[in-house]
Amino acid sequence: MRELKSVEEKILDRALYLIGRNGASNVPIRAIAKEAGVNVSAVNYYFRTKEEMMKQVQEFYIHNTLEAYNILDNDSYSNEEKVILCANEIMEYSIRYPGVIVIQKEAAYEVEKSEMASRIIEVTEEMNSKLDKVLLNVLGCSQEEFVFNRMIFLSSILHPVNNMGPLQFSNDSILDRDTRLQYIKFIICKLKRN
């Protein structure tokens, strides 16, 4: 996960975080400014309008999604290592930005009306397809089995992160990188046995 380099990125970072906490992209500018530790005029300075800021949040989402899946192109890792490291990046990204699921859901509803929504869906599908190819190779199962194994794998990495809250189970295990990596390895091991 890259470090934030500017006030503008910090605002986008906190907006994406609040979108997840709110469950929708209609987060007030004042709440975003407060969470980012800036005043409302700074938000207006960098983005002029809320619509422009939301467009930049979506671009930020696309950039970070591509970055999270980059590991799949690194041939210095085995396919299994690629899957483990990519799944860890997805989990870390979802922890830091709970708004990613909201951005995806809203894009799915707007895909016919919005070029940006269409781009979000296209990038997400392209990255998931890339992950599917490597995961299928790692699991070594038939296409029919893969449909269910993929569902189990994705649910296993997304459910714990998306359900962090007052009723979460062992939050510490999800937040600790080493424990997360062990958890992902465990999931892959279980799926390979079937």
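The values are calculated or read from the model by the stated rules, or taken from the named source; none is laboratory data. The model shown is predicted, which means the values in this text are computed figures rather than measured ones. So basically every Cβ, Gly included, is an ideal-geometry build from the backbone, and we count neighbours across all protein chains shown.
Of note:
- Unique residue being of a type outside the set (Phe, Trp, Tyr) and loosely packed, with under 13 Cβ neighbours inside 10 Å when the list is Leu85, Leu66: Leu66
- Scanning the range 39-51 for residues that are of a type in the set (Ser, Thr, Tyr) and either in contact with a strand residue (DSSP E or B) (Cβ under 8 Å, 6 or more places away or on another chain) or surrounded by fewer than 16 Cβ atoms within 10 Å (Cβ to Cβ) (or both) yields Ser41, Tyr45, Thr49.
- Flag for Arg180 being out of contact with any strand residue (DSSP E or B) (no Cβ under 7 Å at 6 or more places or on another chain), buried (at least 17 other Cβ atoms within 10 Å of the Cβ) and at pLDDT 90 or above: yes
- Residue in the range 57-64 that is within 30 Å of Leu139 (Cβ to Cβ), part of a helix (DSSP H, G or I) and modelled with pLDDT of 90 or more present: yes
- Arg119 fulfils the conditions (1) over 25 Å from Arg177 (Cα atoms); (2) exposed (fewer than 13 other Cβ atoms within 10 Å of the Cβ) except for a single criterion, (2).
- Restricting the range 19-38 to residues that are closer than 12 Å to Gly99 by Cβ and among the small types (Gly, Ala, Ser), the residue that is surrounded by the fewest Cβ atoms within 10 Å (Cβ to Cβ) is Ala24.
- Scanning the range 60-77 for residues that are within 18 Å of Glu9 (Cβ to Cβ) and touching a residue at least 12 places away in the same chain (Cβ under 8 Å) gives Phe60, Tyr61, Ile62, Asn64, Thr65, Leu66, Glu67, Ala68.
- Filter result (free of Cβ contacts under 8 Å to residues at least 24 places away in the same chain and loosely packed, with under 15 Cβ neighbours inside 10 Å) within the range 133-155: Lys133, Ser142, Gln143, Glu144, Val147, Phe148, Met151, Ser155
- The residue pairs whose first member lies in the range 21-49 and is more than 15 Å from Val7 (Cβ to Cβ), whose second member is modelled with pLDDT under 90 and not in a helix (DSSP H, G or I), and whose beta carbons are closer than 8 Å, counting only pairs six or more residues apart or on different chains, are Arg21/Pro98.
- Cβ-Cβ under 8 Å pairs, at least 6 apart or on other chains, the range 89-109 side without any contact (Cβ under 8 Å) to a residue 12 or more places away in the chain, far side of a type outside the set (Phe, Trp, Tyr) and surrounded by 18 or more Cβ atoms within 10 Å (Cβ to Cβ): Tyr109/Ala117
- Residues located in the range 33-55, provided they are in a helix (DSSP H, G or I), among the small types (Gly, Ala, Ser) and over 22 Å from the mean Cα position of the chain (by Cα): Ala33, Ser41, Ala42
- Selection of the range 1-32 for residues being modelled with pLDDT under 90, assigned to a loop (DSSP other than H, G, I, E, B) and farther than 27 Å from Ile71 by Cα yields Gly23, Ala24, Ser25, Asn26.
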